[in-house]
Amino acid sequence: MKTPLYTVTIDFEDHSRAIFQTQARSERAALDRALLESEAMAEYDRVLTESMIDNNRLSLTHLAMGYRGTWLWHPVRGAQNGWQSILGGIIVQTSQDGAVRKPHA
């Protein structure tokens, strides 16, 4: 079985959005990887980001009504110190045959 491909968005309060694609065993693993490896997160304190992940300070909501491969995510309320500008985002399990953005050389 192939490892699923996920597209993860990270939405910021200034209305900008990061888009990150990765193969992962689960939607949570894809989110964790996006938060740790996305260029958009480079200016955020890595120790804080790791703490948000390790202490389960991120909420995932699986969307129903036929959207089996779609989740909403956001930081848990009250856990945003240093992450005030991160609103959350969307995780979508993407087709293995879909386009994958090539990393910059």
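Is it the case that some residue within the stretch 33-45 is touching a helix residue (DSSP H, G or I) at 6+ places or on another chain (Cβ under 9 Å), in a loop (DSSP other than H, G, I, E, B) and surrounded by 14 or more Cβ atoms within 10 Å (Cβ to Cβ)?
yes
Looking at this structure, is residue 25 open to solvent by 30 Å² or more (accessible area, probe 1.4 Å), at pLDDT 95 or above and not in a strand (DSSP E or B)?
Values: open to solvent by 30 Å² or more (accessible area, probe 1.4 Å): yes; at pLDDT 95 or above: no; not in a strand (DSSP E or B): yes.
For residue 25, the condition - open to solvent by 30 Å² or more (accessible area, probe 1.4 Å), at pLDDT 95 or above and not in a strand (DSSP E or B) - is not met.
Any idea which of (1) out of contact with any Ser or Thr (no Cβ under 9 Å at 6 or more places or on another chain); (2) modelled with pLDDT under 90; (3) surrounded by 17 or more Cβ atoms within 10 Å (Cβ to Cβ) is the one residue 94 doesn't satisfy?
For residue 94, the exception is condition (1).
Going through the stretch 13-22 one residue at a time, which ones are farther than 12 Å from residue 92 by Cα and exposed (fewer than 15 other Cβ atoms within 10 Å of the Cβ)? Give the derivation first.
Of the stretch 13-22, the ones farther than 12 Å from residue 92 by Cα are 13-18.
Hits for the stretch 13-22 are 13, 14, 15, 16, 17.
Examine the stretch 50-59 for a residue that is closer than 18 Å to residue 95 by Cα, of a type outside the set (Val, Ile, Thr) and surrounded by 15 or more Cβ atoms within 10 Å (Cβ to Cβ), and state whether such a residue exists.
Here is the first cut: in the stretch 50-59, the ones closer than 18 Å to residue 95 by Cα are none.
No; the residues of the stretch 50-59 include none that is closer than 18 Å to residue 95 by Cα, of a type outside the set (Val, Ile, Thr) and surrounded by 15 or more Cβ atoms within 10 Å (Cβ to Cβ).
Inspect the stretch 21-38 for any residue being over 19 Å from residue 71 (Cβ atoms) and either of a type in the set (Gly, Ala, Ser) or more than 9 Å from the chain's Cα centre (by Cα) (or both) and give the result as yes or no.
Initial filter on the stretch 21-38 (over 19 Å from residue 71 (Cβ atoms)): none.
No, because not a single residue in the stretch 21-38 is over 19 Å from residue 71 (Cβ atoms) and either of a type in the set (Gly, Ala, Ser) or more than 9 Å from the chain's Cα centre (by Cα) (or both).
The values are calculated or read from the model by the stated rules, or taken from the named source; none is laboratory data. Note that the coordinates shown come from a computational prediction; the quantities given were computed from them, not determined experimentally. For neighbour counting, all protein chains shown are included, and Cβ atoms are generated from backbone atoms with ideal geometry for every residue, glycine included. These area figures cover heavy atoms from the full protein model, side chains too; ligands, DNA and RNA do not enter into them. Shrake-Rupley method; radii C 1.70, N 1.55, O 1.52, S 1.80 Å.
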